[in-house]
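Structure first, then comments.
Each value in this text was obtained by applying a stated rule to the coordinates, not by laboratory testing. As the structure is a prediction and not an experimental result, all values here were calculated from the model. Using ideal geometry, Cβ is built from the backbone for each residue, glycine included, and neighbour counts are taken over all protein chains shown.
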Amino acid sequence: MVVSQNQPQELDMADDKPDDRIERDAKGHFAKGNRGGPGRPRSPVSRGAVALDEMGADAGKKIFQAMLDKALAGDTRAADLLFSRIWPKRRGRPVAIETTALKDVHDYVPAAAGVANAVMSGEMTPHEGQALSRVLDTQLHAIETSDMERRVRKLEDDIEEEDARREPFSGLYPTDSTTVFDGFPPDRKDEKA
């Protein structure tokens with residue numbers, strides 16, 4: 001079959017139905033507008049991983065027993081490997097320190113001092129102290145944001161109350177309705193003459 005380079009060709013596959021054929025160009029690439037075919041079959045676990053799991057399940061007990069025998073015989077590397085599997089590296093732990101609850105901005109300094117003292121006394125690692133300090137900073141930021149929002153709301157309410165008390169179009173200087181504007185403020189009447 002001779003195909004020009006610019007014309008798409010259809011690959012003949014025995015498993016394909018006539019309407020499921022995939023169009024490709026002369027280089028074997030998908031032709032423009034082709035839907036791309038059904039793709040790879042979906043499987044949550046590859047066959048290779050399943051085979052490795054089966055082999056590991058069979059040999060796992062024997063390998064563990066061999067490592068245990070070596071560790072009991074004095075091989076420190078084998079003991080280290082076993083301990084790292086039995087007690088994995090600690091990634092975090094609950095930390096309890098004596099400090100005040102952070103309810104206001106003024107409570108931050110004693111709380112931060114409590115964290116620093118716990119790190120310096122060895123009650124917690126510097127890494128744990130840093131993580132706890134970040135928690136305190138986040139809580140302080142939330143308190144400051146809430147406080148700022150409360151203050152802005154109070155200012156807005158005060159402005160609304162002041163606007164409600166003021167007469168509309170009252171101007172800068174209080175005047176009575178019988179006074180004619182002469183260019184001088186009311187408190188400078190002595191200079192009018």
### Task
Could you please report the charge total around Glu54, scoring K, R as +1 and D, E as -1 over all other residues with beta-carbon less than 14 angstrom from its beta-carbon?
0
### Message
I need two numbers for the stretch 42-105: Rg to one decimal and Dmax as a whole number, Cα atoms only, in Å.
### Response
21.3, 60
### Task
Might you report the magnitude of the Cβ-based charge dipole of the stretch 55-157 about its Cα centre, with Lys and Arg at +1 and Asp and Glu at -1, to the nearest 20 debye?
600
### Task
Could you tally the net charge around Val115, taking each other residue with its Cβ under 11 Å from the Cβ of Val115, Lys/Arg +1 and Asp/Glu -1?
-3
### Query
Rg to Rh for the stretch 105-164: what is it, with Cα atoms only and Rh by Kirkwood?
1.32
### Query
Could the peptides 108-117, 148-157 be put in order, highest first, of the mean number of other beta-carbon atoms found within 10 Å of their residues?
108-117, 148-157
### Query
Dipole size in debye (nearest 20) for the stretch 47-86 around its Cα centre, Lys and Arg Cβ +1, Asp and Glu Cβ -1?
20
